[in-house]
Amino acid sequence: MIKRDEYLKKLISFKDKELIKVVTGIRRCGKSTLFKLFQEYLLNNEVEQDQIININFEDLDYEYITDYRILYDYIKTKLNPNKKNYIFLDEIQHVENFEKAVDSLYINKNVDLYITGSNAFFLSGELATLLSGRYVEIKMLPLSFKEYSSALPDNISIDRKFSMYTEDGGFPYLLNIPGETDKIDYLKGIYNTIVLKDIVTRIKISDVSILESIVKFMFDNVGNSTSAKKISDTLTSYGRKITTPTVEKYLSALVNSFILHKVNRYDISGKQHLKTAEKYYVTDLGLQRFLLNKNKLNLGHNIENIVFLELIRRGYKVYIGKIGSLEVDFIAEGFGYTNYYQVAQTVKDEETLSRELKPLNSIKDHNPKYLLTNDLTPETSHNGIRQINVIDWLLNK
């Protein structure tokens, strides 16, 4: 198993706290493995096996647990009344009205409760109302580049590892699949499960091909400003008539299923959030390559996508920056700090370097500013703007 130390540390820090630990993330990003790692930690720290109750609702052994009452009765028979019980409920959204069982288990003083879900739908509505203020959400992503590269043999160069990462993405199990065709089949399975099982069924879509057209459009426009109206107009011009509200509904479903991330714009000079020309980034680049022709992929945009994911993985709130008519790729806010990032595949050409530095130089405050590139050059400074190799930055060097 690949160690997911950052997420494991979060679970450990919340151990025995009177909060429901909710781990969310796209399917197959490693939530079940995280539970196994945490259970190993418990067993190595004075917790006995009979104190751990683990249920994965995608396991056929638990298919009969179809509603909250069956779930609650099952767990109740397993509880040790004299010890702390650590309960893990994996992919709990498969259980009808599960939030009622979760609430009843939560009020037991000898229960420490951990649940996962593969979409944001299960954290909406009644669950959010019922458990308001009583749960903490841990948002999980596929492997970071640091995790990915550490799982590969040392005889593979770091540059080759990065090239593999930009193409294959970070789903952990993909590292166990050697063949290209088998990798595509695995990614196809994840994609079909998300689109057909999580989205189509959830919001009752009758024309799946329209949804897939939107997904392909979004994957092909990573890092480009877009809007629901632009997508609607584009698809209509291709003979696929669809209204703007329908596009908005589908985009929301894609975000809620963790396949896309929506990033809003922020006016740095005017200090206000903007409601137009947002950008979207994909949760895993392997899914992008599966859907699109490999030759069409834009390495610069993919590096930008990787940087975005790393920023939110590190706990930042991220925006697209607007400074006059110029754009800053990312404003990262968190931990009492604001950082600015510009991302480029290469800035070896002086004209390109000048263009990438111009937005950062236009910002008059003294917050840290970074230019991340794939150029194999030592870290340097441009009037206080730190130019860093993106691989070094991803590895925290």
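Here, each number is a calculation from the coordinates, and none is a lab measurement. This one's a predicted model, so the numbers in the text were calculated from it and none came from an experiment. So basically every Cβ, Gly included, is an ideal-geometry build from the backbone, and we count neighbours across all protein chains shown.
See the values below:
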quantity	calculated
Relative packing of 279-291, 358-370, which averages over residues the other C-beta atoms within 10 Å, highest first	279-291, 358-370
Over segment 301-397, volume per residue of the alpha carbon convex hull, in Å³	99 Å³
In degrees, nearest ten, helix 208-219 long axis to first principal axis of the chain (Cα)	50 degrees
Isotropic mean projected area of the C-alpha convex hull, segment 180-303 (nm²)	8.7 nm²
Label-point separation in nm, Lys84 to Thr377, each point 7 Å along Cα→Cβ	5.3 nm
Per-selection Kirkwood Rh - segment 239-361 (Cα, Å, 1 d.p.)	16.2 Å
Exposure proxy order (Cβ contacts within 10 Å, fewest to most) of Met140, Met164	Met164, Met140
Length gained when the stretch Thr243-Glu180 is fully extended (0.36 nm per residue, less Cα-Cα span)	18.9 nm
Förster-model FRET efficiency, 35 Å R0, Glu63 and Ile2, C-beta, rounded to 0.05	0.80
Derived scalar couplings ³J(HN,Hα) [segment 88-96; Karplus, 6.51 cos²θ - 1.76 cosθ + 1.60; whole Hz; x for Gly, Pro]	10, 10, 9, 6, 5, 5, 6, 9, 5
Cβ-Cβ FRET estimate between Thr236 and Asn44, R0 fixed at 51 Å, reported to 0.05	0.30
Sparsely packed trypsin sites (Lys or Arg not before Pro) within segment 108-205, loop by DSSP, other Cβ within 10 Å at most 14	Lys109, Arg134, Lys204
Top of Asp61, Asp220, Asp267 by mean-square fluctuation, Gaussian network on the chain, Cα under 10 Å	Asp61
For segment 32-167, diffusion coefficient by Stokes-Einstein and Kirkwood Rh (Cα), 25 °C, 0.890 mPa s, µm²/s	144 µm²/s
Principal-axis tilt of helix 180-192 within the chain, Cα atoms, nearest 10 degrees	70 degrees
Relative contact order (percent, whole number), segment 45-110, Cα cutoff 8 Å, 6+ residue spacing	45 percent
Derived scalar couplings ³J(HN,Hα) [segment 356-368; Karplus, 6.51 cos²θ - 1.76 cosθ + 1.60; whole Hz; x for Gly, Pro]	6, 7, 4, x, 5, 5, 7, 7, 8, 7, 10, 6, x
Gain on full stretching of the segment that runs from Thr193 to Ser225 - 0.36 nm per residue minus C-alpha separation	8.7 nm
Greater than 27 Å apart at Cα, pairs in Lys146/Lys197; Lys3/Lys348; Lys9/Lys204; Lys21/Lys109; Lys230/Lys262	Lys146/Lys197; Lys3/Lys348; Lys9/Lys204
The chain, relative contact order in percent, only Cα pairs under 8 angstrom and at least six apart counted	13 percent
Cα coordinate range in the chain, projected on the principal axes (Å, largest first)	70, 51, 48
Sorted by Cβ neighbour density within 10 Å, fewest at the top, the residues Thr77, Thr226	Thr77, Thr226
Using alpha-carbon coordinates, inclination of helix 5-14 to the longest axis of the chain, degrees	50 degrees
Residues of segment 361-397 with amide N under 17 Å of a point placed 7 Å along Cα→Cβ from Thr346	372-378, 388-391
Projected label distance in nm at Asn54 and Lys15, using a 7 Å step from Cα toward the beta-carbon	1.5 nm
Theoretical ellipticity at 222 nm over the chain - DSSP helices of four or more residues, -39500 (n - 2.57) apiece, nearest 500	-11500 deg cm²/dmol
Computed P(r) (all Cα pairs; segment 6-84; 5 Å bins; percent)	3, 11, 20, 23, 24, 15, 4, 0
Cβ-derived FRET efficiency at R0 22 Å, Lys262 paired with Ser132, nearest 0.05	0.40
GNM top mover of Asn155, Asn119, Asn110 - the chain, alpha-carbon springs below 10 Å	Asn155
